[in-house]
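The block underneath contains the structure these notes are about, expressed in structure tokens.
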Amino acid sequence: VKPRTIFSGIQPTGIPHLGNYLGALSNWVKLQNENPHDKLIFSIVGWHALTLPQNPKELAASRRHMLAILLAIGIDPKRSIVFHQDANAMHTELAWILGCITPTGKLRRMTSWKARLVESRNANDESEIDESMLNAGLLTYPVLQAADILLYRATHVPVGEDQRQHLELSRDIADTFNRTFKGPSRMFPLPTALITPSKRILSLKDPSSKMSKSASDPASRILLTDSAAQIAAKVRSAVTDSITTGITYDPVARPGTSNLLTILAACTDADVHDVAARCAGMNHGELKAEVASAVEALVAGPRAEFQRLLEDGGYLDQVAQDGAAAARELSAQTMVQVRARVGL
Ligand code: ADP
Ligand code: NA
């Protein structure tokens, strides 16, 4: 088996919630621990965060917190390169070059861009969609993402279903570069999606939408740093139904109940149908008590490690510095060739 180069990124926008962890971050740790021959590169993508308005003080804190969280959940800086994107300026350099071979029409076809257009229309209550006030970063965001991946000549990118289109664009851009700027060998491998088995965690308060950092009700999400008492309170207040007595897994008719089962299964690394069968005779109070203790068992270790790491600032700084140095060393090799091929 050829060793893979795996790249993934996460924005430093607050403490991750249980959906981020079960849907994305826990998979990074699995990839790291199960594939000793792969090269792993995990980036905290600060430049991406700037596409939305950020409070600078909060962003600086989130940036540090995200590094501490990644280490706390088990990303091992001796095994994986973990670094701040914004500590390696070559990301923006390559993004510029790639932007110059990417038609704006392709960017306008991204569903994430279309969603922004719809949001801006709703906000201004206009029937006409007006993109002129949206910042250019929102449109070119996927080009920066392509640069993140291609800078390390990554072969595999773990992504959720929602990011599949962006990865397609990265492949497209890589292919365009390869054909436009030919050299002795192909410049960029076309990165392949590692679609993680979907563990979509829903909002505890509105199980028709996913658990999200942007939902207004903080009780709708569990943060990785929540205390046992906070976890128990949030799970207790989760929306369920009383369609029938007992517990059944039925995501369409019983989204709230089913979401609790999904969480319980994911936290205990079990099959959701097995979990549902085991919980069939419970009432919702009993199910919630189980869910709360399973979540607590999962996050207690990382939560304590997170606090310990924040108190050991020198260690965090050292990890950030070493990660950036390793990232820059790899990407410098790419950029020497990229510059030569484009003639700069
Ligand atoms: P949010 O939706 O809270 O803003 P992001 O969009 O920053 O989260 O997503 C970061 C990562 O977490 C992505 O890989 C995304 O697919 C994953 N993710 C986000 N929310 C969930 C969820 N509710 N269930 C599963 N995975 C999720
Ligand atoms: Na989001």
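Values in this text are rule-based calculations from the coordinates and carry no lab data. Here the structure is a predicted model, which means the values were calculated and not measured. Cβ coordinates were reconstructed from backbone atoms using ideal geometry, including for glycine residues, and neighbour counts include every protein chain displayed.
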Nearby lysines by direct alpha-carbon distance to LYS57 (threshold 26 angstrom, same-chain neighbours under 8 apart not counted) | LYS213
Can you tell me which of 67-79, 228-240 comes out highest on packing, and rank the rest after it, using the mean Cβ neighbours within 10 Å?
-> 67-79, 228-240
Using alpha carbons only, how many degrees (0 to 90, rounded to 10) separate the axis of helix 284-311 from the longest principal axis of the chain?
-> 40
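Place the peptides 180-186, 165-171 in order of packing, highest mean first, counting for every residue the other Cβ atoms within 10 Å and averaging per peptide. Walk me through the numbers on the way to the answer.
Working: 180-186: 10.9, 165-171: 19.7.
Going from most to least packed, we get 165-171, 180-186.
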Eligible aspartates and glutamates near LYS288 by straight Cα distance, threshold 14 Å, same-chain separation 8 or greater = ASP241, GLU296
Calculate the spin-label point distance for ILE101 paired with LYS2, positioning each point 7 Å from the Cα along the beta-carbon direction, and give it in nanometres.
-> 1.9
Where does the chain land at 222 nm, in deg cm²/dmol rounded to the nearest 500, when only DSSP H runs of n ≥ 4 count, each adding -39500 (n - 2.57), divided by all residues?
-> -16500 deg cm²/dmol
Starting from the Cα of LYS39, draw a straight line to each of the aspartates and glutamates and keep only those under 17 Å, dropping any in the same chain fewer than 8 residues away.
-> ASP76, ASP148, ASP322, GLU329
Counting residues in the range 218-307 as N, plug N into 2.2 N^0.38 Å and put the Cα Rg over that result.
-> 1.06
Tilt relative to the chain, helix 90-99 - C-alpha long axis, 0 to 90 degrees, to 10 = 80
By its C-alpha gyration tensor, with a ≥ b ≥ c as the square roots of the eigenvalues, how is the range 71-207 shaped: rounded for a/c under 1.5, else prolate for a/b larger than b/c, else oblate?
-> oblate
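Of the listed peptides 15-22, 312-319, 282-289, what is their order by residue-averaged count of other C-beta atoms within 10 Å, with the highest listed first? Intermediate values should be presented prior to the final figure.
Values: 15-22: 22.9, 312-319: 13.1, 282-289: 15.4.
Taking the mean over residues of other Cβ atoms within 10 Å, the ranking is 15-22, 282-289, 312-319.
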Euclidean distance between Cα centres, the range 268-344 to the range 11-53, Å = 6
Helix 164-180: angle to the longest alpha-carbon principal axis of the chain, degrees 0 to 90, nearest 10?
-> 10
In this structure, the FRET efficiency calculated for ALA280 and ILE195 from their beta-carbon separation, with R0 = 30 Å, to the nearest 0.05, is 0.45
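Return one quarter of the surface area of the convex hull spanned by the alpha-carbon atoms of the chain, equal to its mean projected area, in nm². List each step's numbers first, then the result.
Working: hull surface 77.8 nm².
Dividing the Cα hull surface by four gives the mean projection, 19.4 nm².
Kindly work out what percent of the DSSP beta bridges joining two residues of the chain are antiparallel, to the nearest 5.
On the way: 2 of 17 bridges.
Looking only at bridges with both residues in the chain, the antiparallel portion is about 10 percent.
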